[in-house]
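Q: Before we start, here is the structure in question, set down as structure tokens.
Rule-based calculations on the coordinates, nothing more; no lab input. This one's a predicted model, so the numbers in the text were calculated from it and none came from an experiment. Here the Cβ positions follow ideal geometry from the backbone for every residue, glycine too, while neighbour counts run over all protein chains shown.
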Ligand SMILES: Cc1cc2nc3c(=O)[nH]c(=O)nc-3n(C[C@H](O)[C@H](O)[C@H](O)COP(=O)(O)OP(=O)(O)OC[C@H]3O[C@@H](n4cnc5c(N)ncnc54)[C@H](O)[C@@H]3O)c2cc1C
């Protein structure tokens with residue numbers, strides 16, 4: 001049994017901690033309670049990238065792992081936070097409708113796309129003239145509930161403590177943190193990675209996202225609607241409307257401009273009555289090539305990074321945590337596109 005220290009209790013750090021615990025490893029997870037992403041996220045798992053109608057990167061591998069991972073955690077905590085959803089995409093152009101109809105017939109896409117429809121729906125914006133289609137095999141993680149429950153679970157097992165990583169107490173040559181020796185130390189700090197003195201080559205960009213919560217008796221609770229953004233039912237006639245994409249913005253404040261953009265998204269697809277209840281904001285940890293970044297430090301053996309989950313953390317974290325664990329425990333190579341070494345090459 002090896003000893004592992006994980007810094008950062010977002011979906012990345014918690015998924016990795018759980019994978020290691022399931023393998024019988026000894027884990028300590030520390031989190032500074034300044035979460036800016038995993039607790040704020042809408043938690044949608046959408047297998048399709050719209051406009052060109054393509055599958056999300058590695059979705060055929062990520063999705064089954066995500067389903068079994070969230071089901072397992074639900075079982076362990078005795079609480080429901082993971083549900084299948086239907087996403088109705090209102091096409092943005094005739095071209096998108098053509099792509100949709102072509103791909104929908106193929107074996108590769110059949111399990112993700114239903115046939116397109118041309119009719120209007122009650123309270124759908126009549127300006128959307130290209131029709132719509134349903135994405136199948138989509139899910140939602142109630143992110144706030146998931147984070148609360150997994151923290152409680154890890155806390156009860158004596159794994160999690162709330163503190164900030166103290167650089168002065170870490171010796172990376174001896175792998176000693178606060179007088180304890182570890183076999184591995186993994187940084188899962190999301191957009192705050194730039195406050196850590198290791199992995200300085202890795203540029204984790206800050207992509208701010210804002211969400212509105214609304215109440216509406218007119219909007220259907222049976223479907224998530226998508227067109228330039230989404231309206232996601234979260235129960236009791238409440239919905240999340242999202243999300244803005246504000247690249248390179250480091251502050252986490254809600255803004256009037258954010259609210260205006262989201263109202264535009266909402267009214268672009270929905271013509272019914274609604275009331276805004278709250279506005280929230282977070283920071284996605286993103287990477288220039290839109291791929292996560294996983295790997296071991298070039299000088300300090302046993303020092304790792306698991307970051308860059310971008311806009312799809314809830315889809316990717318379960319499988320990536322498994323692959324990270326295998327890499328740490330048995331050296332099995334990581335997927336080529338997530339490798340940390342692309343940053344070293346970039347800087348040479
Ligand atoms: C508005 C918005 C909507 C989103 N919607 C979706 C969605 O629908 N579907 C989806 O899949 N993804 C969505 N995302 C993206 C998703 O939230 C991220 O991909 C994911 O949460 C990143 O997880 P993480 O664990 O890497 O980072 P984080 O969640 O940021 O976690 C990092 C953790 O590290 C801790 N930490 C940092 N520094 C230290 C330190 N020095 N010491 C101790 N602890 C430290 C922080 O407190 C934090 O808890 C959304 C994000 C935003 C902002």
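Q: Roughly what would the spin-label model give for residue 247 and residue 107, points 7 Å off Cα along C-beta, in nm?
A: Spacing of the two 7 Å Cα→Cβ label points: 3.8 nm.
Q: For 314, 182, what's the fewest-to-most ordering of other Cβ within 10 Å of each Cβ?
A: On the way: 314 26, 182 21.
Listing 314, 182 from fewest to most nearby Cβ atoms yields 182, 314.
Q: Return the calculated 222 nm mean residue ellipticity for the chain, to the nearest 500 deg cm²/dmol, obtained by summing -39500 (n - 2.57) across DSSP H runs with n ≥ 4 and dividing by the residue count.
A: That calculation yields -9000 deg cm²/dmol at 222 nm.
Q: For the chain, what's the relative contact order in percent, using C-alpha pairs closer than 8 Å and at least 6 residues apart? Let's see the in-between values first.
A: Values: 708 pairs, mean separation 78.1, N = 348.
Once normalised by length, the contact order is 22 percent.
Q: What is the extension gain from residue 174 to residue 23, computed as 0.36 nm multiplied by their sequence separation minus the C-alpha to C-alpha distance, in nm to one decimal?
A: 51.9 nm
Q: Take each of the peptides 167-175, 92-100, 325-333, 183-191, average the number of other beta-carbon atoms within 10 Å over its residues, and list them starting from the highest. Let's see the in-between values first.
A: On the way: 167-175: 12.6, 92-100: 16.3, 325-333: 14.7, 183-191: 24.1.
Going from most to least packed, we get 183-191, 92-100, 325-333, 167-175.
Q: Rg and Dmax of region 10-63, using alpha carbons, in Å: what are they?
A: Using the Cα atoms of region 10-63, the pair Rg, Dmax is 15.2, 45 Å.
Q: To make sure I understand, if each residue's beta carbon is the centre and we count other beta carbons within 10 Å, what order do 250, 88 fall in, fewest to most?
A: Final ranking by Cβ density, sparse to dense: 250, 88.
Q: I've got another one for you. With a 10 Å Cβ neighbour count serving as the proxy for reagent exposure, in which order, fewest first, do 119, 19 appear?
A: 119, 19
Q: Here's something else I'd like to know. Any idea what angle helix 94-104 forms with the longest principal axis of the chain, computed on alpha-carbon atoms, 0 to 90 degrees, nearest 10?
A: Orientation of helix 94-104: about 70 degrees from the principal axis.
Q: For region 52-130, what size does the Cα cloud have along each of its three principal axes, sorted from largest down, in whole Å?
A: Here the Cα extents, ordered largest to smallest, are 46, 31, 16 Å.
Q: Compute the acute angle (0 to 90°) between the alpha-carbon long axis of helix 313-330 and the principal axis of greatest extent of the alpha-carbon atoms of the chain; round to the nearest 10°.
A: 30
Q: What shape does region 1-119 have by the C-alpha gyration tensor, where a ≥ b ≥ c are the square roots of the eigenvalues, rounded means a/c under 1.5, and otherwise prolate means a/b greater than b/c and oblate the rest? If you can, show how the numbers build up before the last one.
A: Details: a/c = 2.73, a/b = 2.36, b/c = 1.16.
Note, shape of region 1-119 comes out prolate.
Q: How large are Rg and Dmax for the chain when calculated on the C-alpha trace, in angstrom?
A: Just the Cα atoms of the chain yield Rg and Dmax of 20.8, 66 Å.
Q: Once R0 is set to 41 Å, what does the formula 1/(1 + (r/R0)^6) return for the Cβ-Cβ distance between residue 120 and residue 67, expressed as a FRET efficiency to the nearest 0.05?
A: The pair residue 120/residue 67 has a calculated efficiency of 0.80.
Q: Evaluate the Debye formula for region 133-257 with equal point scatterers sitting on the alpha carbons, no solvent, and hand back log10 of I(q)/I(0) at q = 0.10 Å⁻¹, in q order, two decimals.
A: Taken in order of the listed q values, log10 I(q)/I(0) reads -0.55.
Q: Then there's this: Once you sort the root eigenvalues of the Cα gyration tensor of region 141-214 as a ≥ b ≥ c, which label holds: rounded (a/c under 1.5), prolate (a/b larger than b/c) or oblate (the other case)?
A: oblate
Q: Determine the shape class of region 235-348: with a ≥ b ≥ c the square roots of the Cα gyration tensor eigenvalues, call it rounded for a/c under 1.5, and otherwise prolate if a/b is greater than b/c, oblate otherwise.
A: Working: a/c = 3.30, a/b = 2.29, b/c = 1.44.
In terms of gyration-tensor shape, prolate.
Q: Please give the FRET efficiency for residue 1 paired with residue 33, using the beta carbon to beta carbon distance and R0 = 35 Å, rounded to the nearest 0.05. Before the final figure, lay out the partial values.
A: Working: r = 28 Å, r/R0 = 0.81.
With a Förster radius of 35 Å, E is 0.80.
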